[in-house]
Structure formats: C-alpha cells, structure tokens
Amino acid sequence: MAPRCWRWWHWSVWPRTRPPPARSTLSFRQHFSTQEKTPQICVVGSGPAGFYTAQHLLKHHTQARVDIYEKQLVPFGLVRFGVAPDHPEVKTAHSDRCAFWGNVEVGRDVTVPELREAYHAVVLSYGAEDHQALDIPGEELPGVFSARAFVGWYNGLPENQELAPDLSCDTAVILGQGNVALDVARILLTPPEHLERTDITKAALGVLRQSQVKTVWIVGRRGPLQVAFTIKELREMIQLPGTRPILDPEDFLGLQDRIKEMPRPRKRLTELLLQTATEKPRVEEAARLASASRAWGLRFFRSPQQVLPSPDGRRVAGIRLAVTRLEGVGEATRAVPTGDVEDLPCGLVLSSIGYKSHPIDPSVPFDLKLGVIPNMEGRVVDVPGLYCSGWVKRGPTGVIGTTMNDSFLTGQMLLQDLKAGLLPSGPRPGSVAIQALLSSRGVRPVSFSDWEKLDAEEVARGQGSGKSREKLVDPQEMLRLLGH
C-alpha cells in the first residue's frame, strides 16, 4: 500500500468529455452485436482498482455505462484514505458514461445477486479493508494499533476518527517493513510545520504537534534482502529533516558480494541501505545528522512474541521480540526463531504486517485462508458475469501501478466475454433498478455532483489555514451539508 509513484489525473481536472477512441480498439469494438451496444456494468469499490477497471471498460467500449458503488460518502478509497498526506498526488478520470454512488454498502444496503440482476456484469473491487492480527499476548493493550487504523486516523477515514493515539511516549515500534510502515514512521517523525499545508486532518495535526516520540523502530522478522518497501520511500526517510537513521553495519555483512546478482530494483534498494549503514557521511551531511533530534532505525531478524504491559497493566510498555535466523533460499526464505529473545521498551506499537479482504456477500465464493475471491484472471470461479480486480483478486500486494495493470486485465477479460456472448443479452435496468431498491430501504446515495459540493467545502475550509483542503471526517456533517 504506498503507491505514490504512480499518477492518476488530479480530481480537480476530471475531463467531462470522452477522449477520441484509440485506433487500435476500433476493430474490436465493431464486433459487438446490436444487443450489446449499451452494456450496463457495475463496479463495487471506488479505490484504484475500481476506477482503473472502469477506465479500461469506458475506453475500450464506446457504449458501455459503468456505475461505481462505494460505502464511503466520498470516492477514491486508498488514494484519499491510504496515501500519506504529504504526498498530494493524483486521483482519477471521469466520463459522462460513468456514475458514482457513494454511501451504499454492498452486502448490507444491496446484495450482489440484486446487482447481478440489474447489470450485465458486476466487478468486485472493494480491496482489503481489514488488517492482519498479530495473534500474540498483550495485543489488546491500550497503545497497540494497526497501522491501517493509524493511517485512516490521520487521513480522515470516518471510522478511525475515535482512535485517539497517545503520543506522549519517547519510543514507538512499527512491526513490518513495507511501505505502509515507512509511511507511518515518516508521519510520526516529520516536523509538524512540514505537514501544515498537506491535507492531514486538523485533529491529527494537533496530536502530532504535541507528540513526544523521538525514536521509531521499524522491525522485520527477516533481513535487509527481504524488506518490502521501495527505494522512493527509503530515500524519503533517509532525507527526512531533523532525523537520523540507525542501521547496524553487522546486518549487512556479506551483502556487497551478492548485490551484482540482484534484479535492478532490489539492487538499487540494497545499495542505498548498505551505503547508509556503512559509509561515512560527508561533512555537510554529518553535521545535519549530528543536529538531528529524532531518529528511526531498522531492526532485522526480530519477530513479535508478546506485547509487554506497564506495571499497572493499563498500557503498553514494550515488546518482546524473538530473535530469528533465515532458512531456505530465494522466495522460500523464511524466518525461524533461534530461541533468544529481546525486550524493546516503547509506549506505542503499530502493527503493519499486512491487510486482508473479507467476504462481501454469501453468494460470492471466498477463500478465507488466502483472503481473496477465487478467480481466473479476474473471472470469479463458477459465477458467470461476476469479476474481481485489485487486492480482493490477488491479495494485498504491489503498488498502484500493479493494481492498474491487474484491473486492466480484468476489464479485458470482461470485454472478451461480452464479445463472445457469454454475458446476458438484452437490456438491463442498471442503476435505475438499484436506486429504486435503495430508496425503498431508506438509503440516500451520494452522487458525484454531491461529492463536488463536499470537495468545494473541503477546499474552502483548507484555504483559511493555507492547506490544500481540510477533510470532512464526520459522515453526519457531510449529509447535512448535502441536505440529506
């Protein structure tokens, strides 16, 4: 999840007109039968996977209509609620054949079978909304949070606004060494004045201003060759103002000889780690590091075993880590305990060991062990006309670019099935039928024009304090502003 190196179109410049058809797709389009001139397609989820799937369908079928349903009142999913607020990248594109319906929770307000009855095809792109539990003693202690919830808190996800993290401690520990872990570490250590003009929430900025956190340890059960973050995120951490990195040169012994055999992305990442850990900084850089008041470090070969309570048992006071060693080679490399343990004092523990999807509807097959919908290239197994894309399709891996290619593939499979006559023929009512159902159930969807009103309100509120926007975080306030 830290996908800032991939750009969408900024939400303030969504094109209102459809771009001219690509020449390479004209012959493909000419094969669609008369009955398939206006396929009605539904996409569940308005994050990167949902919008990229919709984009592909609209681009490669000149008559297709796509409705995107989203349980939040606002669109963009991961990009609004998951990307760090100091990365104000990019949102997505819009078409007059695409409609957004927010405030609609599929599986609660409307079922998947009802959607399948109303549309020629349904694509499930609702992502991985839950976090992987640590499953260790003490996980329930105050001061232990999932990184997902912490990210949602500072990014304005309504369900996480009551998180109230206590940042009065000196040391925080983040479990996991992926991009999300580095995102969280960076937000904890970034000088608040550098966050003032981002779209971080007002409440979160207020808490971060009072933060006493001076050291952040980013812990992984394997070694430097297995870190899951990318070089962009690592470079940002190394260059973060007012901080210094703590890397143990002994963790990197013997890596120099192995670098030449690595694929280029891993090679560049490892070289930067090795350089940071072992090379003496230049005079100017040494002076910057010496004056740093905060620090972050990577702890390798450590696996969480127990969260340690304070003497009164009311909050976290540390974490017990099992020392590990690696067994196996390549992708099969795994960390096994050596029998040694290490206690690391801290007042905040953030778990960033992964995300997982959940079943959305009893009618949809779901692999609970893998946390995905069983599928073949995006086609849901044994359910014709039902598709999936993004993390619920392949698991919570990759950056937005990975999701883009994955979603395009799902869109391609859907259009192939449409061309081959494998989807229902004849007209389908699409959103007309679903809006009638929702109305009968007292559900008030939020349209894209409604979102534009909320967007304008957020931008106006942000201007008063020099920010790009001040996010609305209370769903009831949003509905009141819309007159719902």
Next on the checklist: Can you find, within the stretch 475-484, the residue that is modelled with the lowest pLDDT among those that are surrounded by 13 or more Cβ atoms within 10 Å (Cβ to Cβ) and part of a loop (DSSP other than H, G, I, E, B)?
Outcome noted: His484
Item to check | One residue from Lys369, Lys393 being in contact with an Asp or Glu (Cβ under 7 Å, 6 or more places away or on another chain) and either open to solvent by 60 Å² or more (accessible area, probe 1.4 Å) or of a type outside the set (Gly, Ala, Ser) (or both) | outcome: Lys393
Item to check | In the stretch 441-464, residue farthest from the chain's Cα centre (by Cα) [restricted to those that are hydrophobic (A, V, I, L, M, F, W, C) and part of a helix (DSSP H, G or I)] | outcome: Ala460
Next on the checklist: Anything in the stretch 378-390 that is surrounded by fewer than 23 Cβ atoms within 10 Å (Cβ to Cβ), in contact with an Asp or Glu (Cβ under 9 Å, 6 or more places away or on another chain) and in a loop (DSSP other than H, G, I, E, B)? List them, or say none.
Outcome noted: Pro384, Gly385
Next on the checklist: So, Ser425, is that one touching a residue at least 40 places away in the same chain (Cβ under 8 Å) and in contact with a Gly (Cβ under 9 Å, 6 or more places away or on another chain) or not?
Outcome noted: no
Checklist entry - Only one residue in Arg186, Arg221 is of a type outside the set (A, V, I, L, M, F, W, C), in contact with a strand residue (DSSP E or B) (Cβ under 9 Å, 6 or more places away or on another chain) and in a loop (DSSP other than H, G, I, E, B). Which one? => result Arg221
Item to check | Residue identified as within 24 Å of the chain's Cα centre (by Cα) and either outside any loop (DSSP other than H, G, I, E, B) or within 15 Å of Trp217 (Cα to Cα) (or both) among Val307, Val349, Val323, Val364 | outcome: Val349
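Listed here are the residues, each with its yes/no results for (1) modelled with pLDDT under 90; (2) out of contact with any Pro (no Cβ under 7 Å at 6 or more places or on another chain).
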{"site": "Gly82", "(1), (2)": "yes, yes"}
{"site": "Arg116", "(1), (2)": "no, yes"}
{"site": "Leu134", "(1), (2)": "yes, no"}
{"site": "Gly138", "(1), (2)": "no, no"}
{"site": "Phe145", "(1), (2)": "no, no"}
{"site": "Leu163", "(1), (2)": "no, yes"}
{"site": "Asp166", "(1), (2)": "no, yes"}
Checklist entry - Would you say Leu344 is open to solvent by 80 Å² or more (accessible area, probe 1.4 Å), of a type in the set (A, V, I, L, M, F, W, C) and more than 18 Å from the chain's Cα centre (by Cα)? => result no
Checklist entry - When only residues in the stretch 195-239 that are touching an Asp or Glu at 6+ places or on another chain (Cβ under 8 Å) and among the polar types (S, T, N, Q) count, which is most open to solvent (accessible area, probe 1.4 Å)? => result Gln212
Item to check | Options Lys471, Lys467: the member that is under 22 Å from the mean Cα position of the chain (by Cα), at pLDDT below 95, open to solvent by 10 Å² or more (accessible area, probe 1.4 Å) and of a type in the set (D, E, K, R) | outcome: Lys471
Next on the checklist: From the list Arg394, Arg469, Arg441, exactly one residue is under 29 Å from Asn179 (Cα atoms), among the charged types (D, E, K, R) and touching a strand residue (DSSP E or B) at 6+ places or on another chain (Cβ under 9 Å). Which is it?
Outcome noted: Arg394
Checklist outcome for this item: Residue hits (the stretch 362-393; under 12 Å from Tyr126 (Cα atoms) and either out of contact with any Cys (no Cβ under 8 Å at 6 or more places or on another chain) or free of Cβ contacts under 8 Å to residues at least 40 places away in the same chain (or both)) are Val372, Tyr387, Cys388, Ser389, Gly390, Trp391, Val392, Lys393
Checklist outcome for this item: Taking the stretch 426-464 and keeping residues loosely packed, with under 14 Cβ neighbours inside 10 Å, farther than 30 Å from Ala204 by Cα and of a type in the set (Gly, Ala, Ser) leaves Gly426, Ala436, Ser439, Ser440, Gly442
Checklist entry - Quick one: which of Pro245, Pro263, Pro192 is open to solvent by 10 Å² or more (accessible area, probe 1.4 Å) and within 24 Å of the chain's Cα centre (by Cα)? => result Pro192
Item to check | Unmet requirement for Phe408, which otherwise passes all of (1) touching a residue at least 24 places away in the same chain (Cβ under 8 Å); (2) over 23 Å from the mean Cα position of the chain (by Cα); (3) open to solvent by 50 Å² or more (accessible area, probe 1.4 Å) | outcome: (2)
Checklist entry - Looking at Arg288, Arg314, which one is open to solvent by 60 Å² or more (accessible area, probe 1.4 Å), part of a helix (DSSP H, G or I) and either basic (Lys, Arg) or in contact with an Asp or Glu (Cβ under 7 Å, 6 or more places away or on another chain) (or both)? => result Arg288
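The values are calculated or read from the model by the stated rules, or taken from the named source; none is laboratory data. Computed from a predicted model, the values in this text were never measured in an experiment. Every residue, glycine as well, gets a Cβ built from its backbone with ideal geometry; the counts of neighbours run over all protein chains shown. With ligands, DNA and RNA removed, areas are computed over all heavy atoms of the protein, side chains included. Shrake-Rupley method; radii C 1.70, N 1.55, O 1.52, S 1.80 Å.
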